[in-house]
Amino acid sequence: MIVERIWTGNNYRNYNYLIVCPETGEALAVDPLDHEKCLARAKERGYQITQIVNTHEHGDHTGGNAAVIAATGAKLLAHAGAQRIPGIDRGLHAKDVIRVGKTVELEALDTPGHTMAHVCLLSHTDTPALFSGDTLFNAGAGNCHNGGHPAELYETFAAQLSKLLDHTQIYPGHDYIENNLRFTLDREPDNRKASELLPQVKGHDPAASLVSTLGLEKQMNTFFRLHSPAVIARLRERFPELDERPDAKTVFLKLRELRNSW
Ligand SMILES: [Zn+2]
Ligand SMILES: [Zn+2]
């Protein structure tokens, strides 16, 4: 499997992806908002885009569909419950497998929270890769302001994402790492991994930045650090009514709430 990460350079800081079968050159485009860059990259490398997956219905993920379909005839795949995406050819359910060319298999994960009809894609490869849309970001989690619910986002993290293998590579829908690491350090000032990484990503070129892994996220992403005594102690300064040993869901929801106004 070849992954082409395309940095849009737009104000929303979107990443688009091409997932390619190295044998046939067939490609699946994930949220190809910057259709010009996606089509140009495919052309340059000799890939044929035959499918598009939208992780969810927000315009910064679906806005390139029409142009990519017009140029390539690609089929459009999205969550079976995504009512605001016109022209879906194949509705996706949990565990559905999407084939790209001869060699690539991607599994759809049903991952509500950021919106209620959101899919992530997990590759069935020796080194697994997760295309996480706006559910999981580097060092952060998606917001729930536009059609989502924090309790479902917690469930998605707890029941699905945190159970993936530590060497799973993470390909999120946006580059928010710098700001997110600052939030981690605000919540857990002695987080070593976050302090180490922050200077490396300050003003970095997102086109060339590191691809994280789930194992790294567990070290630097507050939303995976729900049992950290430092995170809990800081939260209790802010929310004195919290118990000494709050459950993971309560910690997650409080962190999500703080992140909204941070
Ligand atoms: Zn979104
Ligand atoms: Zn987005």
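Values for this structure:
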item	result
For a label point 7 Å along the Cα-to-beta-carbon line of R90, residues of the stretch 44-77 with backbone N under 13 Å	50-54, 74-77
Entries in K163/K254; K75/K254; K95/K249; K37/K249; K43/K218; K37/K202 that, when Cα-Cα distance is taken, lie over 32 Å	K75/K254; K37/K249; K43/K218
DSSP beta bridge pairing in the chain, given as percent antiparallel to the nearest 5	60
Those residues of the stretch 112-142 whose amide nitrogen sits under 13 Å from the label point placed on E237, 7 Å along Cα→Cβ	none
Accessible-area composition of the chain, carbon plus sulfur, in percent [1.4 Å probe]	47
Inter-site label distance for A70 and E155 at 7 Å from Cα along Cβ, in nm	4.0
Aspartates and glutamates whose Cα lies under 12 Å from that of K193, excluding same-chain neighbours fewer than 8 positions away	E217
Considering only the stretch 67-223, percent of DSSP beta bridges that pair antiparallel, nearest 5	70
Kirkwood hydrodynamic radius (C-alpha pairs) into Stokes-Einstein, the chain, 20 °C and 1.002 mPa s, D in µm²/s	115
Percent of alpha-carbon pairs separated by more than 25 Å within the stretch 1-124	15
Computed magnitude of the charge dipole of the stretch 1-45 (debye, nearest 20; Cβ of K, R +1, Cβ of D, E -1)	160
Neighbour net charge for G215 - beta-carbon separation under 15 angstrom, K R +1, D E -1	+2
Share of alpha-carbon pairs per 5 Å distance bin for the stretch 198-238, given as whole %	5, 18, 19, 19, 16, 12, 9, 1
Probe 1.4 Å, protein heavy atoms only - accessible area per residue of the chain in square angstrom	44
Sum of side-chain charges, K95 neighbourhood, beta-carbon under 13 Å (Lys, Arg +1; Asp, Glu -1)	-4
Rg/Rh for the stretch 155-262, where both radii come from Cα atoms and Rh is the Kirkwood radius	0.96
Principal axis box of the stretch 43-112, alpha-carbon based, largest edge first, Å	35, 27, 18
Pairwise Cα inverse-distance average, inverted: Kirkwood Rh of the stretch 103-165 (Å)	11.9
Total charge dipole magnitude, the stretch 117-262, about the Cα centre, Cβ charges on Lys, Arg, Asp, Glu only, Debye to nearest 20	220
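The values are calculated or read from the model by the stated rules, or taken from the named source; none is laboratory data. None of the values given here were measured: they were computed from a predicted structure. Heads up, the Cβs are rebuilt from the backbone with ideal geometry, glycines too, and the neighbour counts pull from every protein chain shown. Calculation scope for accessible area: heavy atoms of the full protein, side chains included, ligands and nucleic acids excluded. Shrake-Rupley method; radii C 1.70, N 1.55, O 1.52, S 1.80 Å.
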